[in-house]
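The values are calculated or read from the model by the stated rules, or taken from the named source; none is laboratory data. These numbers were taken from a predicted model, which means no experiment stands behind them. Here the Cβ positions follow ideal geometry from the backbone for every residue, glycine too, while neighbour counts run over all protein chains shown.
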Amino acid sequence: MSIMRANDRPTKQAPEANFTGQVLQDPVIVGTPPSRMRATNVSFMPGARTAWHSHPVGQTLYCVTGIGRIQLEGQQVQELHPGDTAVIPPNTRHWHGAAPNRLFIHLAMSEVTEDGAGTEWFEKVNDDDYTAQTAPIG
Ligand code: MN
C-alpha cells in the first residue's frame, strides 16, 4: 500500500479557464491502471462554480460542507447541502459550485474511460443561469 501525505500535496488553485471565481483543489486519488478512479476535494468560495462540462463515465459528488448548486442542462438548478450525494450521468452537460453567499466543499469522484479520457469542458456559466431560482427541496 501507499500513504500519500497531505503535506506533500499542496492545495492548488483551479484553472481559470474552466472555473468562475476562486476554487481550490485538494487531490485525493488518481488511480493507476487497472483503477480508473479519480477523486478531488473541491472548495468553492461564495459565487464560484465550474464551467459547463461533462464526464464520460459520469460523476458522483458528495457534499461535505456549506451550500452548493448544481444544474443539469435543461433542468432547474438544485441546491446541495452537507451529506447530499449527487449522481451525474455520463456525457451530460452540467455545472456545480457554491451558493452566491456561502462556501461549498464537495468530494468529486469519477472514472476515466478505458483509454483514459476524462472531463470535457465547455463555456462558462453565465450569471443568469447561475442565479436562477433553485428547485424546492422535496
Ligand atoms: Mn461535474
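Observations on the model:
- Here residue 117 fulfils each of the conditions (1) part of a loop (DSSP other than H, G, I, E, B); (2) modelled with pLDDT of 95 or more apart from (2).
- Any hit, segment 37-46, residues being under 18 Å from residue 12 (Cα atoms) and outside any strand (DSSP E or B): yes
- Subset of segment 90-114 [assigned to a loop (DSSP other than H, G, I, E, B) and small (Gly, Ala, Ser)]: 99
- Segment 94-138 - residue that is more than 12 Å from the ligand (Cβ to nearest atom) and among the aromatic types (Phe, Trp, Tyr) and, of those, surrounded by the fewest Cβ atoms within 10 Å (Cβ to Cβ): 130
Let's see how each residue does on (1) basic (Lys, Arg); (2) without any contact (Cβ under 8 Å) to a residue 24 or more places away in the chain; (3) out of contact with any Phe, Trp or Tyr (no Cβ under 6 Å at 6 or more places or on another chain):
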{"position": "77", "(1), (2), (3)": "no, no, yes"}
{"position": "92", "(1), (2), (3)": "no, no, yes"}
{"position": "108", "(1), (2), (3)": "no, no, yes"}
{"position": "112", "(1), (2), (3)": "no, no, yes"}
{"position": "115", "(1), (2), (3)": "no, yes, yes"}
{"position": "124", "(1), (2), (3)": "yes, no, yes"}
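- The set of residues in segment 72-97 being of a type outside the set (Gly, Ala, Ser) and in contact with a Lys or Arg (Cβ under 9 Å, 6 or more places away or on another chain) consists of 72, 73, 77, 78, 79, 80, 95, 96.
- Qualifying residue in segment 41-54 (condition: crowded, with 20+ Cβ neighbours inside 10 Å, more than 25 Å from residue 131 (Cβ to Cβ) and within 14 Å of the ligand (Cβ to nearest atom)): no
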